[in-house]
Structure formats: structure tokens, C-alpha cells
1. Too long at a 32 Å Cα-Cα cut-off: which of LYS34/LYS244; LYS12/LYS153; LYS61/LYS135; LYS34/LYS117; LYS90/LYS181?
2. Suppose R0 equals 41 Å; then what is the FRET efficiency for SER184 and GLU82 from their Cβ-Cβ distance, rounded to the nearest 0.05?
3. Given ALA141, PRO261, ALA194, which one lies farthest toward the positive end of the charge dipole of the chain, if we put +1 on the Cβ of every Lys and Arg and -1 on the Cβ of every Asp and Glu?
4. Using a 7 Å offset from the Cα along the Cα-to-Cβ direction at both LEU18 and THR110, what is the distance between the two label points in nm, to one decimal?
5. Only Cα pairs under 8 Å and at least 6 apart count here; give the relative contact order of the chain as a rounded whole percent.
6. Can you bin every Cα-Cα distance in region 6-255 into 10 Å intervals starting at zero and give me the percent of pairs per bin, rounded to whole numbers?
7. Starting from the amide H of GLY235, placed 1.01 Å from N in the peptide plane, find each other amide H under 5 Å away whose residue is 5 or more places distant or on another chain.
8. Return, for the Cα atoms of region 13-101, the radius of gyration and Dmax in Å, separated by a comma.
Amino acid sequence: MARTPLIAGNWKMNLNHLEAIALVQKVAFSLPEKYLEKVDVAFIPPFTDIRGVQIVIEGDKLGFAYGAQDVSVHESGAYTGEISASMLAKLGCTYVVVGHSERRDYHAETDELVAAKAAAGHRHGLTPIVCVGEKLEVREAGDHVDFVVNQLKGSLAGLTTAQLASTVIAYEPVWAIGTGKTASAADAQEVCAAIRSALAELADAETAETMRVLYGGSVNASNVGELLEQTDVDGGLVGGASLKPDEFAQLCAIAAGGPLP
Ligand SMILES: O=C[C@H](O)COP(=O)(O)O
């Protein structure tokens with residue numbers, strides 16, 4: 001089954017709304033539209049940038065998707081500082097990232113909360129990008145596959161097969177995030193394959209074959225090609241390199257099968 005690769009640029013807490021518009025325009029200028037027939041490209045900006053990103057993408061009819069970095073489990077009400085899935089859907093978001101390791105670490109997010117956020121996204125037609133990944137000590141102990149599979153099962157608990165079918169998984173080893181240390185392509189493949197097997201148990205083999213499993217952690221234009229050659233790696237959740245428009249455009253072009261001219 002051929003899965004269209006997805007490259008999602010997670011800007012984290014970078015770029016104000018004016019810088020956001022400029023970055024999307026620069027990527028659009030550098031990346032000819034024909035590449036978007038072979039790769040799905042999404043921007044995941046801070047909440048305050050989403051409206052601007054929507055306006056430039058819709059106004060210029062750009063073939064990009066966009067989404068948010070987090071979502072509330074609640075529908076509405078007295079939850080100061082939170083953003084609901086219905087608000088994101090109304091802004092035209094396709095994706096919402098849930099369970100990023102920075103949320104798990106700095107905001108004590110549990111698997112249970114991550115699963116509830118994924119469910120909240122699904123209630124409003126958003127595609128959750130559910131992040132999982134082990135810390136260095138877990139990998140050094142050789143427990144990374146078991147750890148990630150358990151974390152995955154907890155973070156998807158309660159989702160139906162239909163919801164799983166429209167969920168994206170991102171494997172991000174924590175030790176590779178923002179460190180310049182990428183997992184080797186073989187390491188990424190090992191865990192992404194284990195994730196797909198677990199998805200086959202949670203849903204069924206056919207559904208698991210259609211689901212996209214991304215790798216994240218120091219992905220750049222130089223290593224994305226080898227990562228995407230792996231059978232079970234279907235794209236990248238890109239942090240630092242997504243803030244550099246020329247590099248991000250090149251990275252997307254490589255994911256589409258050929259570098260920019
Ligand atoms: O969400 C993106 C990841 O945390 C990867 O970030 P990075 O590419 O800066 O390592």
C-alpha cells in the first residue's frame with residue numbers, strides 16, 4: 001500500500017503572526033505546486049498564527065494544510081487559556097498534534113490525557129498527530145520498542161477503528177529532538193514497524209497499512225531521503241528545519257521524490 005508522505009512543520013513557540021505569513025509565502029515560492037501531488041505538507045504554528053496562516057493559504061489557494069500544537073479535552077467553558085477542537089476546526093485546521101514530548105515533560109501530560117485530546121480532535125473532524133517516543137535511558141537499556149508500544153496503546157486508548165484510520169502517529173525519540181542527533185534510518189524503521197504492528201492489533205492489519213507513521217527528531221533536508229526510504233516511515237514531524245523556508249522547501253521536495261532544481 002503506497003502511503004502519501006506527510007511532512008509537518010512544528011514551529012513550536014517560534015514566529016509571530018507576521019513572520020508566520022512570510023514563512024508560508026517563502027515556502028510556497030520555493031516549492032513548485034507539482035511536488036504537492038506527491039507529498040502532503042502541513043504547517044503547525046502557534047495558536048496566534050493560525051488565522052494568518054489560514055488567510056495566506058486560502059487566499060493564495062496554496063496546497064498546504066495546517067494545524068495546531070495542542071488542544072483542550074473540553075468542548076467549551078471556564079477553562080482559562082485553553083483552545084477547543086471546535087475552534088480549531090472553525091479555523092480550517094486539518095491536524096492537531098497531541099502528546100508531544102515537550103507537553104508530556106513540561107505539562108505532565110499523561111497517556112490518558114493524550115488519548116482524551118485525540119478523541120476531542122476526532123469529535124470535530126481533526127486528524128490528531130499522536131506523538132510517542134522514548135528518553136535516552138530507555139533506549140540505552142534496550143527497552144525502547146516495548147516502551148513506545150505501551151505509550152502508543154495508552155495514548156490511543158478508546159479510539160475506534162474508524163478514528164484510528166484517520167490518526168497519524170509520530171515517533172519522536174526524545175533524545176533526538178532539537179539535538180542534531182537523528183535516529184539512524186534503521187532505528188527509526190525498527191520502532192515505526194513495531195508501531196504499525198501495534199496499530200494492527202488495536203485496529204486491524206488493513207487499517208494499520210493505511211495509517212501514516214512519521215519520524216521526528218532532527219529531521220533535515222540531508223537525512224529525510226534515507227529516513228523516508230524505510231518501509232514504515234511515512235513522513236516527518238520537523239521542528240528546527242521547518243523554521244528555515246529554503247531548507248523546509250527542499251526537505252518537502254525530497255519527500256516528494258526529487259530535490260528542487
Ligand atoms: O515536533 C518536532 C520535533 O520535536 C522535532 O524537533 P527537531 O526537528 O527540532 O528535532
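1. LYS61/LYS135; LYS34/LYS117; LYS90/LYS181
2. 0.60
3. My answer, from the dipole projection, is PRO261.
4. The modelled label-to-label distance comes out at 4.4 nm.
5. With pairs under 8 Å counted, the relative contact order is 22 percent.
6. Cα pair-distance distribution for region 6-255, in percent: 8, 34, 38, 19, 2, 0.
7. Here LEU6, TYR215 satisfy the definition.
8. Cα only, region 13-101: 13.8, 45 Å (Rg, Dmax).
The values are calculated or read from the model by the stated rules, or taken from the named source; none is laboratory data. Please read these numbers as outputs of a predicted model, since none were measured by experiment. FYI the Cβ positions are ideal-geometry reconstructions off the backbone, even for glycines, and counts take in every protein chain you see. Surface areas here come from the heavy atoms of the whole protein model, side chains and all, with no ligands, DNA or RNA. Shrake-Rupley method; radii C 1.70, N 1.55, O 1.52, S 1.80 Å.
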